[in-house]
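The values are calculated or read from the model by the stated rules, or taken from the named source; none is laboratory data. Every value quoted in this text rests on a predicted model; they were computed, and no experiment measured them. Virtual Cβ from ideal backbone geometry, glycine too; neighbours counted across all protein chains shown. Keep in mind that these areas ignore ligands, DNA and RNA; they rest on the heavy atoms of the full protein, side chains included. Shrake-Rupley method; radii C 1.70, N 1.55, O 1.52, S 1.80 Å.
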Amino acid sequence: MSNFKPLNQIIEKIVNKINEDAVKINGVFAGSGSSFAHWFLTKAGSSKTLLQLDFPYSYSVIDEMLGCTPNGYVNEVVANEFANIAYKRANKLLAPEEKIIGVGCTSALTSEKPKKGEHRVYVSIRSRNEMINGYLKLNKGIRTRIEEEDLVSRFILDQINRFCFNSEDQTLLKDLTSGDKVERKKNKFYGAVEQFFETDKPFVAINKDGHLLDFSDSFTYIIPGSFNPLHSGHKQLAEFIKRMKKSRVDFEISIFNVDKDNMNKEEVINRISQFMGVGTIIISKSKTFAEKSIHFKGCSFVVGWDTAVRILDTKYYDNNFESMLTALDIIKENHCRFLVVGRLDEFGAFRNANDIDVPSGYQDMFTMIDEKRFRNDISSTEIRSQN
């Protein structure tokens, strides 16, 4: 199918060009990419470019890497997550000013047992400020496994070449047929985050596909948090609320926090990336729930017992009880309420809304989610301590 001698020369030229650049590449490839590895590992000078290439192959290994069982293994969401994992690994090893990219690839190619679906590959590239996505649908049944593997590896190389050098060169994929299809795009939220920090916009909302949302309707249920990291408990809670209330559930992170340092752009981008394929994430500038209620009128905030305690703690109101009541009045006037999920306290005792001292006249603003209906004791703090 391919005139391999000219292609080999093209591949060698691009590999040399990448090796001469300052870029550092970390990758996670599932289902293909071995030829890509071969091209670099057999080329002198690649050690200053390649950090690591990980090839998870079985579903159980992929599940462990992702921290969950995905809804399908060959899609853009998984490629994005692989790219994020690769980028974060590299970012821990190198200085902040280094030019780092994480490359994620997942594919379904010819196998012993014919596949019912398309032969396809998704390649995502994550850098400090953006994510680009590439999709290649292969003309099914016209190539051997080795030929498909070669084409996919060239597609990975082509994506990196485009990313690093803004190249529009088509020669790496010059043997594509009319039955093959290529799509490329950028996740727009990276630019949106930049603008968000530079303007007085109160919030920005990004859906699970990485697209900026322009909400004209009101939010209904919001799970606020720092999500450092997002974990199974958050996801399970969102699914539980969806089923119980038969409503959409969104997540929210504030870049300002009364208990923690303010978040920078890189931190926000890292947190957002966790929600790709999961749900809509709102990034806001609201420090308090009184402020949140102004922008998210009529919504119910789903909070843990510990957060509910802080909402009613006068130390967050300059130790002024009347200031706390004023904040509650603002929340009430904006028709917002709290759904409270039980949590373990610092002594390991399970606490819920019944353990909160709510001032008279405000009890109807706090509703407990019964422990028998939902309980998950995992915490982000515990996860961070184990890493």
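Scanning segment 170-187 for residues that are of a type outside the set (S, T, N, Q), part of a loop (DSSP other than H, G, I, E, B) and either touching a His at 6+ places or on another chain (Cβ under 6 Å) or open to solvent by 70 Å² or more (accessible area, probe 1.4 Å) (or both) yields a single hit, Lys174.
The numbered conditions (1) open to solvent by 10 Å² or more (accessible area, probe 1.4 Å); (2) in contact with a strand residue (DSSP E or B) (Cβ under 8 Å, 6 or more places away or on another chain); (3) within 29 Å of Asn207 (Cβ to Cβ); (4) in contact (Cβ under 8 Å) with a residue 60 or more places away in the chain are all true for Asn71 except (2).
Annotation note: of Leu325, Leu339, the sole residue that is part of a helix (DSSP H, G or I) and modelled with pLDDT of 95 or more is Leu325.
For segment 188-217, the set of residues classified as in a loop (DSSP other than H, G, I, E, B), touching a His at 6+ places or on another chain (Cβ under 8 Å) and under 20 Å from Ile132 (Cα atoms) consists of Lys188 only.
For segment 131-168, the set of residues classified as among the acidic types (Asp, Glu), over 13 Å from Leu109 (Cβ atoms) and open to solvent by 40 Å² or more (accessible area, probe 1.4 Å) consists of Glu168 only. Among the residues of segment 6-38, those that are open to solvent by 30 Å² or more (accessible area, probe 1.4 Å) and out of contact with any Leu (no Cβ under 7 Å at 6 or more places or on another chain) comprise Pro6, Asn8, Gln9, Glu12, Lys13, Asn16, Lys17, Glu20, Asp21, Ala22, Ser34, His38. Considered as a group, the residues in segment 160-180 that are in contact (Cβ under 8 Å) with a residue 40 or more places away in the chain and under 25 Å from the mean Cα position of the chain (by Cα) include one that is nearest to Arg120 (Cα to Cα), and that residue is Ile160.
Candidates in segment 74-127 are the residues that are aliphatic (A, V, I, L, M), surrounded by 20 or more Cβ atoms within 10 Å (Cβ to Cβ) and over 20 Å from the mean Cα position of the chain (by Cα); of these, the one that is farthest from Asn187 (Cα to Cα) is Leu109. Among the residues examined, Asp214 qualifies as open to solvent by 60 Å² or more (accessible area, probe 1.4 Å), within 23 Å of Asn334 (Cα to Cα), of a type in the set (Asp, Glu) and free of Cβ contacts under 8 Å to residues at least 60 places away in the same chain.
Yes/no matrix, rows are residues, columns are (1) in contact with a strand residue (DSSP E or B) (Cβ under 7 Å, 6 or more places away or on another chain); (2) farther than 30 Å from Glu194 by Cα; (3) among the charged types (D, E, K, R):
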| position | (1), (2), (3) |
| --- | --- |
| Gly104 | yes, no, no |
| Ala108 | yes, yes, no |
| Lys116 | no, yes, yes |
| Arg120 | yes, yes, yes |
| Ile125 | yes, no, no |
| Met131 | yes, no, no |
| Gly134 | yes, no, no |
| Asn139 | no, yes, no |
| Arg143 | no, yes, yes |
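Within segment 159-166, can one find any residue that is touching a Gly at 6+ places or on another chain (Cβ under 6 Å), within 16 Å of Ile11 (Cα to Cα) and modelled with pLDDT of 90 or more? Within segment 159-166 (the criterion being touching a Gly at 6+ places or on another chain (Cβ under 6 Å), within 16 Å of Ile11 (Cα to Cα) and modelled with pLDDT of 90 or more), the answer is yes, since at least one residue qualifies.
If you filter segment 11-64 down to residues that are β-branched (Val, Ile, Thr) and touching a strand residue (DSSP E or B) at 6+ places or on another chain (Cβ under 7 Å), you find that the one that is farthest from Ala95 (Cα to Cα) is Ile62.
Across segment 363-375, the qualifying residues are those that are in contact with a helix residue (DSSP H, G or I) (Cβ under 8 Å, 6 or more places away or on another chain) and open to solvent by 30 Å² or more (accessible area, probe 1.4 Å), and the one among them that is farthest from Phe321 (Cα to Cα) is Arg373.
So, in segment 342-362, of the ones that are in a loop (DSSP other than H, G, I, E, B) and of a type in the set (Gly, Ala, Ser), which residue ends up surrounded by the most Cβ atoms within 10 Å (Cβ to Cβ)? Walk me through how you get there before you give the answer.
In the first step, residues of segment 342-362 are kept if they are in a loop (DSSP other than H, G, I, E, B); the result is 342, 345-349, 352, 356-362.
Going one step further and asking which of them are of a type in the set (Gly, Ala, Ser), we end up with 342, 348-349, 360-361.
On the way: Gly342: 20, Gly348: 7, Ala349: 9, Ser360: 5, Gly361: 11.
Residue satisfying both the conditions and the ranking: Gly342.
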